[in-house]
1. Restricting to segment 196-226, what's the tally of residues that are among the small types (Gly, Ala, Ser) and not in a helix (DSSP H, G or I)?
2. Scan segment 62-82 and give yes if some residue there is touching a residue at least 60 places away in the same chain (Cβ under 8 Å), open to solvent by less than 10 Å² (accessible area, probe 1.4 Å), under 17 Å from the mean Cα position of the chain (by Cα) and within 27 Å of Asp179 (Cα to Cα), otherwise no.
3. So Leu243 fits all but one of (1) part of a loop (DSSP other than H, G, I, E, B); (2) within 16 Å of the ligand (Cβ to nearest atom); what number is the exception?
4. Being assigned to a loop (DSSP other than H, G, I, E, B) and not hydroxyl-bearing (Ser, Thr, Tyr) narrows it down to one residue among Ala56, Ala81, Ala62; which is it?
5. Name the pairs: first residue in segment 269-280 and within 13 Å of Val229 (Cβ to Cβ) and more than 8 Å from the ligand (Cβ to nearest atom), second residue among the hydroxyl-bearing types (Ser, Thr, Tyr) and open to solvent by 10 Å² or more (accessible area, probe 1.4 Å), Cβ to Cβ under 7 Å, at least 6 apart or on different chains?
6. Report, by residue number, each residue of segment 153-182 that is within 16 Å of Gly92 (Cα to Cα) and outside any helix (DSSP H, G or I).
7. Restricting the search to segment 173-220, which residues are of a type in the set (A, V, I, L, M, F, W, C), open to solvent by less than 20 Å² (accessible area, probe 1.4 Å) and within 14 Å of the ligand (Cβ to nearest atom)?
Amino acid sequence: MDIAGAPFTDALVTEAAHRRAASTRRYLMTTPTFFAVEYVINPWMDASTPVDTGLALTQWDALRQTYLDLGHSVELIEPIAGLPDMVYAANGGSVINGKAVVARFAHAERAGEAVAYAQWMARNGYEPFETRHVNEGQGDFLAVGSVILAGFGFRTDRRAHDEVAGHLGMEVVSLELVDPRFYHLDTALAVLDDTTVAYYPPAFSPDSRAVLARMFPDAIEVTSADAYVLGLNVVSDGLNVVLPAAATGFAEHLALAGFRPVGVDLSELLKGGGSVKCCTLEVHS
Ligand code: ARG
């Protein structure tokens with residue numbers, strides 16, 4: 001690498017960028033037509049904080065447009081009145097390896113959402129597999145290459161990990177979440193490509209931290225400042241990483257590692273305890 005004449009970091013960024021490549025993705029999203037904070041099921045939610053549903057819609061639409069501009073496809077699930085958290089489509093299930101698992105929600109308030117995701121799966125040629133134990137879809141099950149990282153401790157029941165592994169025929173690595181602010185795996189860990197992740201170590205038990213350190217020695221570890229704006233709740237296509245705009249430190253790290261950070265503002269949806277990834281169910285081919 002010839003770095004003469006170029007600032008050292010620029011040369012490193014360019015070198016790293018050459019290793020990254022985007023691939024076209026298929027996403028499912030649900031319009032926040034009925035979004036509100038009407039009940040409290042995670043520490044981010046406060047039923048006394050007013051929610052501007054119009055602003056939530058505008059911000060969500062900018063996220064959808066960002067995906068389209070990056071060349072990805074976005075399919076929509078019809079929102080249902082009375083299900084204010086339905087905008088967090090990631091929780092609807094998991095679709096990968098030609099198979100689909102529909103969510104079984106931990107809280108009765110969200111149970112009705114599963115029906116809509118099961119219908120989408122059936123309409124699109126998948127048989128929706130139902131777990132006996134609680135599983136909150138891609139909130140807690142994140143594919144990294146041929147392995148699935150699975151969270152437990154707050155929502156998804158650890159016993160569902162085995163059910164999902166068996167049904168999908170994929171290896172599942174269980175990770176224990178210990179901080180209620182990071183109640184889903186996708187709030188504590190970001191998958192950037194088939195071998196690269198970023199995470200917030202304090203969100204995990206010591207054992208799970210050791211597992212992550214062993215599996216991903218080159219992982220990006222984010223600071224509290226980035227984790228506390230749900231900076232890890234991102235969607236990556238292998239090159240472009242769509243992330244909450246407030247996570248500026250993480251964005252810098254991503255750029256140094258050769259990714260292209262694309263910041264979006266989802267401040268209204270943060271009031272429900274979710275951001276970019278929560279609003280996006282990826283249909284893996
Ligand atoms: N209010 C929702 C809940 O607590 C937010 C879900 C966020 N989704 C996610 N994938 N982390 O269930």
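The values are calculated or read from the model by the stated rules, or taken from the named source; none is laboratory data. Quick caveat, the model's predicted, so the values are computed rather than measured. Reconstructed Cβ throughout: ideal geometry from the backbone, glycine too, with neighbour counts over all protein chains shown. Calculation scope for accessible area: heavy atoms of the full protein, side chains included, ligands and nucleic acids excluded. Shrake-Rupley method; radii C 1.70, N 1.55, O 1.52, S 1.80 Å.
1. Total meeting the criteria: 3.
2. No, segment 62-82 contains no residue that is touching a residue at least 60 places away in the same chain (Cβ under 8 Å), open to solvent by less than 10 Å² (accessible area, probe 1.4 Å), under 17 Å from the mean Cα position of the chain (by Cα) and within 27 Å of Asp179 (Cα to Cα).
3. That leaves (1) as the condition not met.
4. Ala81
5. As it stands, the answer is Lys271/Thr49, since those pairs meet every condition given.
6. Answer for segment 153-182, where residues must be within 16 Å of Gly92 (Cα to Cα) and outside any helix (DSSP H, G or I): Arg155, Thr156, Asp157.
7. Leu177, Phe182, Leu185, Ala188, Leu189, Ala190, Ala203
Residue by residue, here is whether (1) more than 16 Å from the ligand (Cβ to nearest atom); (2) farther than 21 Å from Glu78 by Cβ; (3) of a type in the set (Phe, Trp, Tyr); (4) open to solvent by 50 Å² or more (accessible area, probe 1.4 Å) holds:
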residue: Val134; (1), (2), (3), (4): no, yes, no, no
residue: Asp140; (1), (2), (3), (4): no, yes, no, no
residue: Ala150; (1), (2), (3), (4): no, yes, no, no
residue: Asp157; (1), (2), (3), (4): no, yes, no, no
residue: His161; (1), (2), (3), (4): yes, yes, no, no
residue: Gly166; (1), (2), (3), (4): yes, yes, no, yes
